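J.: Got a structure for you, questions after.
The values are calculated or read from the model by the stated rules, or taken from the named source; none is laboratory data. Keep in mind it's a predicted model, so treat the numbers as computed, not measured. Please note: Cβ atoms are built from the backbone with ideal geometry, for glycine as well, and neighbour counts cover all protein chains shown.
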Amino acid sequence: MAAASRSAQSVAIAVVAVVGLAVLGWAGAVAGGARWLRPLSRVVTGGSLAMALTLLVGHLSHVAGA
């Protein structure tokens, strides 16, 4: 099997992380007895913004690999 490029790996990691956030947002809503759409949206949006901010800080400090 051929090795994936670094950018393809980064995209795959981000997609898996966002899907994981969506699952956790849904599960939290179900466990709390709430409707699922708002909590899922809040968790995905907040988590995605946090990942983007982390990437930006890593890029600005020349630590990010992507």
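J.: Enumerate the pairs (first residue in the range 1-18 and polar (S, T, N, Q); second residue anywhere and modelled with pLDDT under 85 and not in a helix (DSSP H, G or I)) with beta-carbon separation below 7 Å, excluding pairs fewer than 6 apart on the same chain, so at least 6 apart or on different chains.
T.: From the range 1-18, the pairs are 7/66; 10/66.
J.: Somewhere in the range 46-65, is a residue farther than 21 Å from residue 8 by Cα, free of Cβ contacts under 8 Å to residues at least 24 places away in the same chain and touching a helix residue (DSSP H, G or I) at 6+ places or on another chain (Cβ under 8 Å)?
T.: Within the range 46-65 (the criterion being farther than 21 Å from residue 8 by Cα, free of Cβ contacts under 8 Å to residues at least 24 places away in the same chain and touching a helix residue (DSSP H, G or I) at 6+ places or on another chain (Cβ under 8 Å)), the answer is no, since none of the residues qualifies.
J.: I need a count of the residues in the range 36-66 that are over 14 Å from residue 22 (Cα atoms) and among the charged types (D, E, K, R).
T.: Result for the range 36-66: 0.
J.: Going through the range 35-53 one residue at a time, which ones are over 11 Å from the mean Cα position of the chain (by Cα) and either part of a helix (DSSP H, G or I) or surrounded by fewer than 12 Cβ atoms within 10 Å (Cβ to Cβ) (or both)?
T.: 35, 37, 38, 39, 40, 41, 42, 53, listed by residue number.
J.: Within the range 2-22, take every residue that is surrounded by 13 or more Cβ atoms within 10 Å (Cβ to Cβ) and modelled with pLDDT of 95 or more and give me the one that is nearest to residue 48 (Cα to Cα).
T.: For the range 2-22, the residue satisfying everything is 18.
J.: Next up: For the range 23-41, give me the residue count where each residue is among the small types (Gly, Ala, Ser) and either touching a Leu at 6+ places or on another chain (Cβ under 7 Å) or more than 24 Å from residue 52 (Cα to Cα) (or both).
T.: 6
J.: State all residues of the range 54-66 that are assigned to a helix (DSSP H, G or I) and among the hydroxyl-bearing types (Ser, Thr, Tyr); if no residue qualifies, say none.
T.: The one that is assigned to a helix (DSSP H, G or I) and among the hydroxyl-bearing types (Ser, Thr, Tyr): 54.
J.: Still on this structure: Any residue that is outside any loop (DSSP other than H, G, I, E, B), in contact with a helix residue (DSSP H, G or I) (Cβ under 9 Å, 6 or more places away or on another chain) and not small (Gly, Ala, Ser) - is there at least one of those in the range 4-17?
T.: No, the range 4-17 contains no residue that is outside any loop (DSSP other than H, G, I, E, B), in contact with a helix residue (DSSP H, G or I) (Cβ under 9 Å, 6 or more places away or on another chain) and not small (Gly, Ala, Ser).
J.: I would also like to ask the following. Of the numbered conditions (1) under 12 Å from the mean Cα position of the chain (by Cα); (2) modelled with pLDDT under 95, residue 62 satisfies every one except a single condition; which is it?
T.: Only one criterion in (1) under 12 Å from the mean Cα position of the chain (by Cα); (2) modelled with pLDDT under 95 is unmet by residue 62, namely (1).
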